[in-house]
Amino acid sequence: MRKALIILCMLAALCLTACGHHAKPEERGRLYIEDVSDLLSDEEESGLRSEMEKLLEYGSAAFVSVGDARYSGYNAYDSSAAGRYAKQKYEELIGPESGLLFLIDMDNREIYIYTYGFIGDYVSRSKARSITDNVYRYATDKQYGTCATKAFEQINTLMNGGKIAESMRYISNAFVAVLIALLINMLALRALNRKKEVTAAEVADANKNTVQFRHKGLDIISRKVVVLRSSSSGGRGGFGGGGGHFGGHGGGHRF
Amino acid sequence: MVGCPGCGSKLVFDIESQQMKCSYCGKLYVVSQVSKHSKSADEHPDMTRDEYSEEPIMSEGPVMEATVFTCSQCGAEIVADPDEAVTWCSYCGSPATLKSRLSMIRKPDKVIPFKITKKECALRYREVARKQIYAPNDLIRKGKAESFRGIYMPFWSYNVSRSGEYRFPGKTVEVIGNEQITTSYMANGWIESRQHDLSHDASVTFDDAVSEKIVPFMGKDAVEFDDCYLNGFYANAADQGEEEYRQNILSTESDIIITKAQWNLPKFGMDEQAAKQQLADTGNYKISMESSLQMYPVWFLSYRHGDRVSYATINGQTGKTYADFPASPYKYLLFSLLTAIPLYLLINLVMSATPAVVMFSALIAAFVASSIYQSEVTEIFVKQFHVSFGKKEKIAAKLKKAFTGFGTVAMIFVYVVLYLLFDTNEYLPDLGANFDYVYMVIAAILLVILVIRFFKMKSRFMALSNVRLNMTNGLFVLVAVISLAMFIIRPADDYLYYAGGFAAAAIVALSVVNLIHGYNILASQKPKQFKRSGGDDLA
């Protein structure tokens, strides 16, 4: 019980640390478009640029696409590869400032949003997932420009205090809630009907009984001594100071 | 019939006053005043046992005349006053025709009169039923005073004396400094034990599993038997000899001695099992047992649902209640949906599940349900095939281990940590971990475990030949196969995940409803075909 409480307190502390809010940046952010995989036409790029510019008052905005020539982290079952690349690219382009990076990873067939700072406060991990879920079908249909533009449109909606569709989140959460509820009720049903066995003490208490022991002694049959290993060993390690890393977050979707 | 000395109307035993009460004028009489002497064959040498019945229920001890009603549905026999209107069978709950005949039954030596009134009994039942949120409504409603029937159940009561030299082994382990010292002991001495009123039900009609739950009865309230006490109640005739239960009683007596030894002897880490074995070796002790047949008061309620029957029994002396409550699948699903609403709101606050999470949640749910299923099937197996007591205990321990075992707990822990805290949580740091890979590996491991379970349980569920239970076993494996396939394919399209997740969730829901079916088998019984062959507990 005490351990559970300690774990809960630690989790609550983690939540509080992670919930810290960032101030709105005083300077306008910068805009980056690195279409390495050449996914955007000129027309699409200009449409995307105008959508990205609306975000600059809150921080920097980046669009990055990568293809097999530039990116060696491909792994069919590594869902975090795109996320790691997005974070790395964000640190490289924007650094520890408010901003958002939209990645189209052609190697892993995944779109990913990585965000930090003031923009990150609005575009949470859950929202990033919802946005990528809302637009991944454009990427599946090879309409990469529309995909990115629609994503930035939704990001701007959020930054202006609007709401976006989060069907994936609500449907998936509903499934999880129903599954957990089915199990909770099954366990409750069994717990409610657990029958207590009658103990010998209960039987003894109910009726007259006398048990007298004339105890003669306790003979020692054998004694075994085992020398335990010393439990004191030198502690090692600790936490190393981080250099240039910061805690942004993001969410993505395969296409 | 015992008539009122004043008006001649029927006298019945009144629980509140503990006297005989006239059902017409309400006058009270002390039992001894109106005592009607039993017409035993011994007292009437001109009558032989054969004149009453071709097959006397008990062949030894004093006998008495009684009207025995036999249920044409289940064959259960109830002893009642010939004037009593017996309109339904208390054992199978059916409004069957009950045929009466005059018979000879073993005359009880003592009786504990009813202390708990019908009204109190209904209150105690309602108190228990109130917590049974999944029980069918008509079962809860049935718990009215008039639904209960007072039945005197025959119990063999034993007084056991034991004297002899005990030798109880034990072992202690202590750590001093960096040394672990294990010491084996043998406690020895002399024991004198005298235990009264250890009882066991003497009727095959009364399920031992039920009677064991409402004991103990307190022998101090037992009085000399007089059939006046039976007036207004049913009774059951003893049909098992006292020698049947001597071993059970000695086992209970040994348990009491061991409990007392733990309180009275110095602490030496007594090995209870070895001590019990030593006590069971009757060569070491002088043991004497006296037995008497006693009638104990039990309030009885039977609830028939389909072709099965559930019982509620209440100790008519102490009020101890035992009731089997089958669950209604509709109520279960309704409560699950009601629970899901606040859970959904809570989950929306802290997490954002993805379709892959739905899939994984269904897999974990299937795994936990499979653990419950494993425990349930084994319990049904034990119940139906009457696996010997020692084995039953071992299986029960295994079940506990399987259900609360490391595997299930570890899986739930992994689920909570992976999904609720890190993969889907809004506020905790993004670990950047490769969750899909982790899910795939876990799905593969769980598939292997579920397949092993499938084959381990196969012989049991085949023996039970219950289609619904058999099907459930395969459903869990199917969920694991779907999950693993999804994690390997990793479809980009949400709809495929949703389809897989929905199929898996539907399978889990179906298997949980089947678990309710299994649970209801445990909470009820097929009415026994007393003294007939072919009774099948599961059919």
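Read-outs: derived from the displayed coordinates by stated rules, not from any lab. As the structure is a computational prediction, the values presented were derived from the model and not from experiment. Virtual Cβ from ideal backbone geometry, glycine too; neighbours counted across all protein chains shown.
Quick notes on this structure:
- Note, ³J(HN,Hα) from phi for the range B:452-459, Karplus 6.51, -1.76, 1.60, rounded to Hz, x at Gly and Pro: 4, 4, 4, 6, 5, 8, 3, 4
- With neighbours defined as other Cβ atoms within 10 Å of a residue's Cβ, the residues A:TYR90, B:TYR303 order from fewest to most as B:TYR303, A:TYR90.
- For q = 0.09, 0.12, 0.15 Å⁻¹, Debye-computed log10 I/I(0) when each Cα of the range A:19-163 counts as one equal scatterer: -0.24, -0.43, -0.69
- Exposure proxy order (Cβ contacts within 10 Å, fewest to most) of B:THR318, B:THR354, A:THR210: A:THR210, B:THR318, B:THR354
- Taken residue by residue and averaged, Cβ atoms of other chains lying within 10 Å of the Cβ of B:248-257 number 3.
- Approximating the spin labels as points 7 Å out from Cα along Cα→Cβ, the B:ASN137-to-A:GLU153 distance works out to 5.1 nm.
- For the range A:117-194 versus the range B:307-348, the gap between their alpha-carbon centres in whole angstrom: 35 Å
- Percent of C-alpha pairs per 10 Å bin, the range A:95-160, short to long: 22, 55, 22, 1
- Table column - 3J(HN,Hα) (Hz), the range A:180-191, Karplus curve with 6.51, -1.76, 1.60, x for Gly and Pro: 5, 5, 4, 6, 4, 5, 5, 5, 5, 4, 5, 5
- Remark: the range B:153-165, residue by residue, has Karplus-estimated 3J(HN,Hα) of 9, x, 10, 8, 10, 10, 10, 10, 10, 9, 9, x, 8 Hz, where x stands for each Gly or Pro and the curve is 6.51 cos²θ - 1.76 cosθ + 1.60 at θ = phi - 60°.
- Among the listed pairs B:LYS131/B:LYS213; B:LYS21/B:LYS144; B:LYS144/B:LYS526; B:LYS107/B:LYS276, those whose Cα-Cα separation exceeds 26 Å are B:LYS107/B:LYS276.
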